[in-house]
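Visitor: Handing you this structure, nothing more for now.
Read-outs: derived from the displayed coordinates by stated rules, not from any lab. In this text, all values refer to a predicted model and were calculated from it rather than measured experimentally. Please note: Cβ atoms are built from the backbone with ideal geometry, for glycine as well, and neighbour counts cover all protein chains shown.
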Amino acid sequence: MAPRAAVNRTHAAERPVRTGRITRSKKEEPVKVSVSPDRLEAVVNAQFLQPVYGTPPAWAEGRQQLCDAIPWFRCTQGAMYHSEGFCYGFLIDADCGSRTYIDDEVIITRIGGCCTKDSEGNLTLEKNQDPENAIVQSIIGSMDSKLAVGLVIGSKNKILNRELPHRYNIMDWFRVTNVWFEKIGQKHGVKVRFEKLSLCEKSWWALKDSLAPAPLEERDFETKPASLACQNCSKESLLLYNEGWMCLNPGCDDFWKIDGAPPPGELTFNPDFLFFRHRPDPAVQPHYSLVPDLLSTLDENAPDVSTSRIAWKGIVCPECFKCIRRTFWQGWKCDDDSTNAEECSKRCPFQKFMNMNPVSLRVVLDHFELAPIKRAILFDKKFNLPAIDDDSMFPYRKLTYKIDGVGSITHYVSNRAINGRKNGPDDLFVNLQRGDLGLKRFRLQSSLVAGTLTSHFAVNYGMPYKYVVSVDSKGFDEAPEDLLRALGRLSWATENAVVSVGDKYLPPNELLTLGYFEDMKIGFHDDGESSLGPSIATLSLGAKATMLIRMKYKYFNGSTRKADTKSIGTLLQDDPVLKDCMFEDERKTLKKELHDGDISQHEYDASRRALSKGRKGKEAPATIKMELHHGDLVVMHGEKLQKYYEHAVAPENKLRFALTARYVKPEHVDAREYKKGEFYLTPEQIYDGK
């Protein structure tokens, strides 16, 4: 259907259009949008990437480093960081979609969401992007509120065709000028046009030998792309492409049609749309600094600033402008994220270690007198309830959680008399902050984002042990006095818990110390490595933490996890059918029938699949919840406990230490490491339970 009328056309057809280094007439060849990935790859391979003019104001070699240091891009996955209805940051990287354009001042790309990867790894729209979608609303919100958006360009982007210096490069502040819908495949998706805020300065990603941008007084701010109203829906849409005008309202019957017919497969941008510019508007402002200066905001003399949430986030190195994460307990080192020989040879010497003022118990504990004489505990009945023993371990209160056929968890609840004893938990908490224990954050062995660090600091003494990360171990002969005192307490708790259930006690020969700053936690995991004995003991110091125990996914569902489908994964060959698992009665009956020979293995598997037909697996609910307070001890005992169950710990957003002792089997350790696990406690370090 033909358009009704044209508006906002204020320039002559022959008028030149200028933008930075680009000066071209309207009679020149139209500017083409991006083509297929295969053709793009061929173009890139056929010529050398062009050098850029300058250097980015900040950069990162990893996604987490970028997100840790740049507050307007806290987005470890996806291309757009949005929060509370606004878009703050946007990443232009490998797959920008069809009809994409990038020059020195304008970027046209699609927004993310509602996408899935095809067999070649390209993103494709899985469903229509709705105008009410939160991502769509946030980009419109930033445009309507005149909130500038920070842009980052990744080295995998092939549209710019220039040699980018780093994996992720901060570009500049941009304003959102246009948001519209297009037909993308069989779905409709959203496209956005960004325009650089500063039109006076040459962009660092411009070609090295390109001309400087035209002065503002010589700019043409009057030329605008034509805007036409649809006869069918009466809504106006810009003339985006030279091939013809189209209605861009996805709710209209004439959406994405030229004279009632679908547009050609390859479209060319209307130069008026590419090269028009907005006059500088002081009302368009960013929410944050483009490159934040975190260190200037931290008062090292404040008693708790060194362990606050913001203090363990990333910073931008003031010398080389690299985004770096805080991996050390004391602070930051610029070269700590270097992973290859070439980068290591260019290491930046910058480091910043904080003045780690000890945090007092008064700051992390809410109790009037730091600890009660006897702790009153309210148990939530939706969780397993423990057996309570107030006598045999006095002055401790002993809580025992039993999981039939699996194992037990013993919680020794501390109090003021225990904590205040000389060299007790109160003294340990302060003393651990004064020395350099060697605490550090390590890379997770498996994570959605490569190179992700743990949300806690760790150091290992004694026999080498590998939990969710590989941690170098130090010998007990290097351990500070206070760690050996803690080891004495943990040895006492382990022996008492194990002997009370009639099992053999294996003295711990390894001590893992974890330190948590504000807002740090450790997610669900198990300590079920074959190299470990059946007992794990933990001493909690500082802020209160909540510990949750739940059945592992595969034992709860009877099958392995299969992401993004409505079907189950691989069935367990040996299904233990644990108490309170999904379809417990049905699975137990089927297992008995198989054992008795009433059904075949094929019938057994088919029946189990039928139970879960059309149902997506889900995580098991937590069955045990414990509040761990300052001075408390917890002993998990039983090899099956770590095999079938997992646990998570979330501190109360304040400083906390967790010291965990285990027995590492010597046959799983290099004989040269045995000496690290040898220790001898003095009479003062041996604990008697008081």
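Visitor: At a Förster distance of 56 Å, what's the computed FRET efficiency of S607 paired with D477, Cβ-Cβ distance as r, to 0.05?
Guide: Details: r = 58 Å, r/R0 = 1.04.
Plugging the Cβ-Cβ distance into 1/(1 + (r/R0)^6) gives 0.45.
Visitor: So which lysines can K183 reach, going by Cα to Cα under 20 Å and dropping same-chain residues fewer than 8 places off?
Guide: K183 reaches K32, K117, K127, K191, K235, K257.
Visitor: A further question follows. In terms of modelled amide H atoms, which long-range or inter-chain residues lie less than 5 Å from the amide H of I522?
Guide: V649
Visitor: Checking the a/c ratio against 1.5 first, then a/b against b/c, what shape does the Cα gyration tensor give for the range 219-350?
Guide: prolate
Visitor: Additional query: 5 Å is the cut-off here: which amide hydrogens, built 1.01 Å from N in the peptide plane, fall below it relative to E163, excluding neighbours closer than 5 in sequence?
Guide: Those qualifying (amide H under 5 Å, at least 5 residues apart or on another chain) are Q50, V52.
Visitor: Still on this structure: Counting only C-alpha contacts under 8 Å and six or more residues apart, can you give the relative contact order of the chain as a whole percent? Walk me through the numbers on the way to the answer.
Guide: Numbers: 1438 pairs, mean separation 89.3, N = 690.
RCO, the chain: 13 percent.
Visitor: Quick check: residue separation of E222 and Y674 times 0.36 nm, minus the Cα distance between them. What number comes out in nm? Please report the intermediate quantities before stating the final value.
Guide: Numbers: separation 452, 0.36 × 452 = 162.72 nm, distance 7.85 nm.
Between E222 and Y674, full extension yields 154.9 nm more.
Visitor: Decide, for the range 563-611, between rounded, prolate and oblate: order the square roots of the alpha carbon gyration tensor eigenvalues as a ≥ b ≥ c, take rounded if a/c falls under 1.5, and otherwise choose prolate if a/b is larger than b/c, else oblate.
Guide: Since a/c reaches 1.5 but b/c is at least a/b, the shape of the range 563-611 is classed as oblate.
Visitor: Taking the Cβ-Cβ separation of E584 and A261 as r and a Förster radius of 60 Å, what is the calculated FRET efficiency to the nearest 0.05?
Guide: The calculated FRET efficiency here is 0.50.
Visitor: Straight-line reach from K643: which aspartates and glutamates have a Cα under 17 Å away, not including same-chain ones fewer than 8 places off?
Guide: Result set, ordered by chain and number: D404, D526, D527, E529, D574, D575, D580, E619.
Visitor: Here's another thing I want to ask about it. So what are the ³J(HN,Hα) numbers for the range 207-216, from phi and the Karplus equation (6.51, -1.76, 1.60; θ = phi - 60°), rounded to whole Hz, Gly and Pro as x?
Guide: 4, 4, 9, 6, 6, 5, x, 5, x, 4
Visitor: Relative to the Cα centre, what is the charge dipole magnitude of the chain, using +1 at the beta carbon of each Lys and Arg, -1 at the beta carbon of each Asp and Glu, and rounding to the nearest 20 debye?
Guide: 620 debye
Visitor: Obtain the nm distance between the two label points defined at R347 and K187 by a simple spin-label model: each point lies 7 Å from its Cα along the Cα-to-C-beta direction.
Guide: My value for the distance between the label points is 4.6 nm.
Visitor: I need the GluC sites (Glu not before Pro) found in the range 161-215, filtered to DSSP loop residues with at most 13 other beta carbons within 10 Å of theirs.
Guide: The qualifying sites are E201.
Visitor: With a/c under 1.5 counting as rounded, go ahead and sort the chain into rounded, prolate or oblate using the C-alpha gyration tensor (a ≥ b ≥ c being the square roots of the eigenvalues; past the cut-off, prolate if a/b is larger than b/c, else oblate).
Guide: prolate
Visitor: When the Karplus curve 6.51 cos²θ - 1.76 cosθ + 1.60 is applied with θ = phi - 60°, which whole-Hz ³J(HN,Hα) does each residue of the range 512-526 get, with x for Gly and Pro?
Guide: 9, 10, 10, x, 10, 7, 4, 6, 8, 7, 10, x, 5, 7, 10
Visitor: With 10 angstrom as the radius, rank E627, E678 by how many other C-beta atoms surround their C-beta, starting from the fewest.
Guide: Ordered by Cβ neighbours within 10 Å, fewest first: E678, E627.
Visitor: Let me ask you something else. Cut-off under 19 Å on the C-alpha distance; same-chain residues fewer than 8 positions from K422 excluded. Which aspartates and glutamates are left, in chain and number order?
Guide: E369, E481, D482, D632, E684, D688
Visitor: Let me ask another. Measure out, as a whole number of angstrom, how far apart the alpha-carbon centroids of the range 198-248 and the range 503-550 sit.
Guide: Using only Cα atoms to place each centre, the spacing works out to 59 Å.
Visitor: Through the Karplus equation 6.51 cos²θ - 1.76 cosθ + 1.60, θ set to phi - 60°, convert the phi angles of the range 674-690 into ³J(HN,Hα) values in whole Hz; use x for Gly and Pro.
Guide: Taking θ as phi minus 60°, the curve returns 4, 4, 4, x, 7, 8, 9, 8, 6, x, 6, 8, 6, 9, 10, x, 10 Hz for the range 674-690.
Visitor: As a footprinting exposure proxy, order T560, T297 by other Cβ within 10 Å, with the fewest listed first.
Guide: T297, T560
Visitor: Let me ask something additional. Can you put V501, V106 in order of Cβ neighbours within 10 angstrom, beginning with the fewest?
Guide: Sorted ascending by nearby Cβ count, the order is V501, V106.
Visitor: Taking 0.36 nm per intervening residue step and subtracting the Cα-Cα distance, what contour gain separates Q137 from D209 on full extension?
Guide: Details: separation 72, 0.36 × 72 = 25.92 nm, distance 3.94 nm.
That works out to 22.0 nm of additional length.
Visitor: Could I ask something else about it? In the structure displayed, which of K381/K591; K202/K322; K381/K579; K313/K616 lie more than 26 Å apart, Cα to Cα?
Guide: Beyond 26 Å: K381/K591; K313/K616.
Visitor: State the extension gain, in nm to one decimal, for the chain segment bounded by E300 and H278, taking 0.36 nm per residue of separation less the distance between their alpha-carbons.
Guide: Values: separation 22, 0.36 × 22 = 7.92 nm, distance 4.40 nm.
Here the answer is 3.5 nm.
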